[in-house]
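Structure first, commentary second.
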Amino acid sequence: MSFTLIGKHEKDSRANRDGYVAALRELMAADSKVCHIDCDLYNCINTAKVEKDFPKQTFNAGIAEANAMGIAAGLTATGRTVFMHSFGCFSSRRAYDQAFMSCAYAKLPVHVLGSDPGVCAAYNGGTHMPFEDMAIYMAIPEAVVIDPTDYAMIYDLTKKLAASGKFSFMRMIRKGVVKVYDDGASFEIGKGVTLKDGKDVTIIASGIMVDEALKAQETLAADGISAKVVDMFTWKPLDEELIVASAKETGAIVTAENHQLKCGLGAAVAQVVAKNAPVPMEMVGVEDRFGQVGSQDFLQKEYGLTADHIVEAVKKAVSRK
């Protein structure tokens with residue numbers, strides 16, 4: 001694992017989805033068995049050019065996610081490496097039975113992609129706003145479940161997933177993401193990334209909440225609170241060793257996720273903490289609610305997904321030590 005932290009809180013000029021597209025093109029050029037299946041969303045994920053250049057490796061299943069998952073299983077069973085994409089709500093809820101039975105239960109390493117997770121669905125509204133997609137896939141035995149942070153991470157992890165031989169689900173913000181890591185970063189599936197060291201509390205975040213955690217760390221430092229920041233991009237398998245070490249080191253933990261709290265990253269971390277190193281914990285995330293229409297900035301404030309909410313949770317957790 002190697003990376004350079006940018007930490008300037010600036011959005012990448014590139015669309016986040018193009019990190020996946022760039023990696024996919026390289027994989028397809030190197031191996032004709034690498035395939036991409038889409039659900040009438042070529043333009044949404046920028047894979048139209050991939051389809052033009054690799055027509056025998058790219059398939060449009062139409063607005064039929066369950067069928068697309070079945071096709072992915074069939075192609076994988078013939079020895080191909082398959083990525084299947086739809087909006088996060090559809091690649092999780094709508095196609096779950098096929099993902100479970102046709103893919104994972106059959107030991108077929110299909111790689112499922114769900115774009116626009118949680119509040120990132122923005123103006124597509126509540127029907128397209130999955131706050132439970134990660135939980136759904138975490139329930140599948142032996143699945144790899146990932147909430148990547150930015151372009152550099154998606155580019156690297158797409159290649160790592162292709163070589164993993166594991167059934168997987170990866171969320172993917174399509175565009176407008178903050179650049180956290182410099183290009184060329186390398187990550188290890190199942191291992192968290194320590195971005196900042198601290199002694200008073202550990203903030204464990206993923207996805208869009210990583211930059212919010214870094215902002216919170218700066219605010220807390222000005223208030224005299226030393227916060228360790230961990231990017232826990234792999235929710236399953238979870239880096240239990242890092243969680244336990246962080247709990248013992250700082251004595252308090254705050255989790256931050258763009259997901260339902262009752263069944264997400266915070267709940268998974270809490271199980272590890274309760275069993276191995278009980279310390280005060282607070283969780284920042286969606287409190288048992290459906291989505292709604294709005295800008296991402298508005299929705300992050302509405303659902304309590306900002307640096308200010310993390311700061312508040314940290315101060316509460318530290319006060320309980």
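The values are calculated or read from the model by the stated rules, or taken from the named source; none is laboratory data. Worth saying up front: this structure is predicted, and the values here are computed from it rather than measured. For neighbour counting, all protein chains shown are included, and Cβ atoms are generated from backbone atoms with ideal geometry for every residue, glycine included. Each accessible area value is taken on the protein alone, full model and side chains, heavy atoms only, with ligands, DNA and RNA left out. Shrake-Rupley method; radii C 1.70, N 1.55, O 1.52, S 1.80 Å.
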Legend entry - Whole-Hz ³J(HN,Hα) from phi, Karplus 6.51 cos²θ - 1.76 cosθ + 1.60, for segment 8-21, glycine and proline x: 9, 6, 10, 6, 5, 6, 8, 5, 4, 4, 6, x, 5, 4
Inset, instruction - Could you look at segment 175-229 and say what percent of its accessible area is carbon and sulfur, using a 1.4 Å probe and all protein chains? - result: 41 percent
Legend entry - Rotationally averaged projected area of the chain (alpha carbon convex hull; nm²): 14.7 nm²
Inset, instruction - For the chain, find the longest principal axis of its Cα atoms and tell me its angle to the long axis of helix 65-77, 0 to 90°, nearest 10. - result: 70 degrees
Legend entry - In range of the label at Thr127: residues from segment 45-65 whose backbone nitrogen is under 19 Å from the point 7 Å along Cα→Cβ: 62-65
Inset, instruction - Pull out a ≥ b ≥ c, the square roots of the eigenvalues of the alpha-carbon gyration tensor of segment 40-100, then state rounded if a/c is under 1.5, prolate if not and a/b is larger than b/c, and oblate in the remaining case. - result: oblate
Inset, instruction - Leaving out ligands and nucleic acids, note down the accessible area per residue over segment 273-321 with a 1.4 angstrom probe, in whole Å². - result: 57 Å²
Inset, instruction - Determine the shape class of segment 208-263: with a ≥ b ≥ c the square roots of the Cα gyration tensor eigenvalues, call it rounded for a/c under 1.5, and otherwise prolate if a/b is greater than b/c, oblate otherwise. - result: oblate
Inset, instruction - Just list whichever of Lys160/Lys262; Lys196/Lys301; Lys11/Lys275; Lys56/Lys262; Lys49/Lys228; Lys11/Lys248 have alpha carbons separated by over 31 Å in the model shown. - result: Lys11/Lys275; Lys56/Lys262; Lys49/Lys228; Lys11/Lys248
Inset, instruction - Please calculate how many Å² of accessible area segment 1-152 carries per residue, with a 1.4 Å probe and no DNA, RNA or ligand atoms counted. - result: 41 Å²
Inset, instruction - With a/c under 1.5 counting as rounded, go ahead and sort segment 70-182 into rounded, prolate or oblate using the C-alpha gyration tensor (a ≥ b ≥ c being the square roots of the eigenvalues; past the cut-off, prolate if a/b is larger than b/c, else oblate). - result: oblate
Inset, instruction - Order Arg320, Arg171, Arg14, Arg80, most accessible first, counting only protein heavy atoms with a 1.4 angstrom probe. - result: Arg320, Arg80, Arg14, Arg171
Inset, instruction - Order these peptides, 44-56, 203-215, by their mean beta-carbon neighbour count within 10 angstrom, highest first. - result: 203-215, 44-56
Inset, instruction - For every other residue with a beta carbon closer than 15 angstrom to the beta carbon of Arg320, add +1 if it is Lys or Arg and -1 if Asp or Glu, then tell me the sum. - result: 0
Inset, instruction - Sort the following peptides by mean Cβ neighbour count (other Cβ atoms within 10 Å, averaged over residues), highest first: 153-166, 272-285. - result: 153-166, 272-285
